[in-house]
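Heads up, the thing below is written out as structure tokens.
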Amino acid sequence: MQLTFDPEVEEFRAEFAAFLAENLPDEVAAAADRPISSAEVPPWAREWQRLLFDNGWLVPGNPPEFGGRNAGVLQQYVHLAELSRRRIYPSFNPQGLGIIAASLLSFGTEEQKTRWARRILRAEITAALGMSEPGAGSDLAGLRTRAVRDGDEFVVNGQKVWTSGAHDSDVLLTFVRTDPDAPKHKGISVLLIPTDSPGLTRRPFASICGPHDLDFNEVFFENVRVPAENLVGPLNGGWGVANGSLGHERTLLWLSYADRLQDLIEDFRPKSVLERDQYATLVMDNQALRLLGSAALAREVRGEQDVASLSVLKLLGSEAVQSAADSALYAKGIDGLDHPAMTAPFNPLNNDNMISSWFERYVRSFAGTIAGGTSEIQRNIVAERVLGLPR
């Protein structure tokens, strides 16, 4: 299965390519001011994101007032493909753009869309996602952060962890428990919480990539008062918002994994017989993922809903990237542990960790098998909803 595109889609691609050729940011300015977390967006990147928004190229599937042009799924696909071909990172606040703003457009009020989503999309503010907790990482239903209604406000107490970019974000899309007596997945709500709220503390901590890699955060809520108007979606309806949030992340998520595989194909050069065999597996995994993804896109264009099958793509893509990065690191031997290091030409419009040391590229691959639903969760979905196996 391979995608072909009608003239309208190819015209859309050509228009975007021409826009990129004429408007790419100054590489000297971009190289001099690098983002340090997934919610820290340098001035040049904010201007670039705003330019994309104003011209309808930021999220083409959105309506024009929210940075798009009501593009169809194939147009959205070629838009991402053109960015990928140039190794241009779509946004340096990826959760703000791909999950939080998207969730607000799906579940938020008109006021929330204007006050929060539009400003996130235009890079006027940045956002982070407050889901995981010390005792509820992949198990959202197990969260314990409480929000109690008090007049026109909610009072929030609890803790989040692994909150990427929280210390640099302006607002958190936060999942809280509002009905402790309801079944676990039915007592959850979602609040937009400004990070400068009294009682909210953010503590960034280092990752395995190094002491200066400060993206993860612990976030503590101590009697944080949040206006009731910041409730996103229905009260106790957070489970549906969560599924929608991750759905936004997964729709074309497979393409990001295919891009990472393509990067590895270009950046890694095998030498031994074993390395060439592993390289062949990398090439075949990339091709298989793109073919399966193309089939999924074709089904969506025909209006056939097959959400569960996206788990196949997420599982295949994330684990193929991890396996290939492991092979590359192993092949380099002790030299692969040199860190920091660069394993591809520097591109100031790309995310720096995409070209970092083989050690870092490998350890960062674990995020793909955890975030957005772990591989174990994806296997359960595939088993039950795709293969029809018993629980």
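The values are calculated or read from the model by the stated rules, or taken from the named source; none is laboratory data. Remember, it's a predicted structure, so these values are computed and weren't measured experimentally. Please note: Cβ atoms are built from the backbone with ideal geometry, for glycine as well, and neighbour counts cover all protein chains shown. With ligands, DNA and RNA removed, areas are computed over all heavy atoms of the protein, side chains included. Shrake-Rupley method; radii C 1.70, N 1.55, O 1.52, S 1.80 Å.
If you place +1 on the Cβ of every Lys and Arg and -1 on the Cβ of every Asp and Glu, how big does the dipole about the Cα centre of the range 284-363 come out, in debye to the nearest 20?
For the range 284-363, the charge dipole is close to 220 debye.
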**Study point:** Tilt relative to the chain, helix 310-332 - C-alpha long axis, 0 to 90 degrees, to 10
**Key:** 60 degrees
Review point. Dipole of the chain, Cα-centred, from +1 at each Lys and Arg C-beta and -1 at each Asp and Glu C-beta, to the nearest 20 debye?
Key: 780 debye
Review point. Using mean Cβ contacts within 10 Å as the protection proxy, how do 302-310, 11-19 order, highest first?
Key: 11-19, 302-310
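Using the Cα centre as the reference, give the magnitude of the dipole from point charges on the C-beta atoms of the range 259-314 (Lys, Arg: +1; Asp, Glu: -1; all else neutral), rounded to the nearest 20 debye.
Details: 8 positive and 10 negative charges, 16 e Å.
Charge dipole of the range 259-314: 80 debye, to the nearest 20.
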Exercise for review: Taking amide H positions as placed in the peptide plane 1.01 Å from N, state which residues far from Arg69 in sequence (5 or more) or on other chains have amide H under 5 Å from it.
Suggested key: Gly61, Asn62
Exercise for review: Using amide H atoms built 1.01 Å from N in the peptide plane, name the residues 5+ places from Ser207, or on other chains, whose amide H lies under 5 Å from its own.
Suggested key: Asp213, Asp215
**Study point:** Nearest-10 value in Å² for the accessible area of Tyr362, using the 1.4 Å probe
**Key:** 50 Å²
Exercise for review: Excluding residues fewer than 8 places away in the same chain, name every one of the lysines whose C-alpha is closer than 20 Å to that of Lys271.
Suggested key: Lys332
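Share of Cα-Cα pairs in the range 233-374 beyond 21 Å, in percent? Kindly include the intermediate steps, with their values, before the conclusion.
Details: 4878 of 10011 pairs.
Roughly 49 percent, once rounded to a whole number.
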Revision key, fill the gap. Unit-weight point scatterers at every alpha-carbon of the range 306-391, Debye formula, q = 0.10, 0.24 1/Å: log10 I(q)/I(0) is -0.34, -1.07
Study note, to complete from the structure: Given Cβ charges of +1 for Lys and Arg and -1 for Asp and Glu, the option among Leu172, Ala14, Phe366 whose Cα lies farthest towards the positive end of the dipole of the chain is Phe366
Exercise for review: With a point put 7 Å past each Cα toward its Cβ, work out how far Ala18 is from Ala31 in nm, to one decimal.
Suggested key: 3.0 nm
Point to revise | Carbon plus sulfur fraction of accessible area for the chain, probe 1.4 Å, in percent | key: 54 percent
Check your understanding: For the range 281-355, what does the equivalent ellipsoid look like in terms of its semi-axes, each the square root of 5 times an eigenvalue of the Cα gyration tensor, given largest first in whole Å?
Key -> 32, 15, 10
Point to revise | 3J(HN,Hα) from dihedral phi, the range 344-353, Karplus parametrisation 6.51/-1.76/1.60, rounded to Hz, x for glycine, proline | key: 7, x, 5, 10, x, 8, 9, 7, 4, 6
Review point. Dimensions of the chain along principal axes (Cα, Å, largest first)?
Key: 67, 50, 44
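Report the relative contact order of the chain, percent, no decimals, based on alpha-carbon pairs under 8 angstrom and at least 6 residues apart.
Numbers: 657 pairs, mean separation 54.0, N = 391.
Computed value for the chain: 14 percent relative contact order.
Could you work out [θ]222 nm for the chain from helices alone, using -39500 (n - 2.57) per DSSP H run of at least four and dividing by all its residues? Round to the nearest 500 deg cm²/dmol. Before the final figure, lay out each step's value.
Working: 12 runs with 157 residues, N = 391.
Computed mean residue ellipticity for the chain: -12500 deg cm²/dmol.
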Exercise for review: Hey, can you grab everything whose amide H is under 5 Å from the amide H of Phe154? Only 5+ residues off in sequence or another chain; H modelled, so Pro and N-termini drop out.
Suggested key: Val226, Ala228
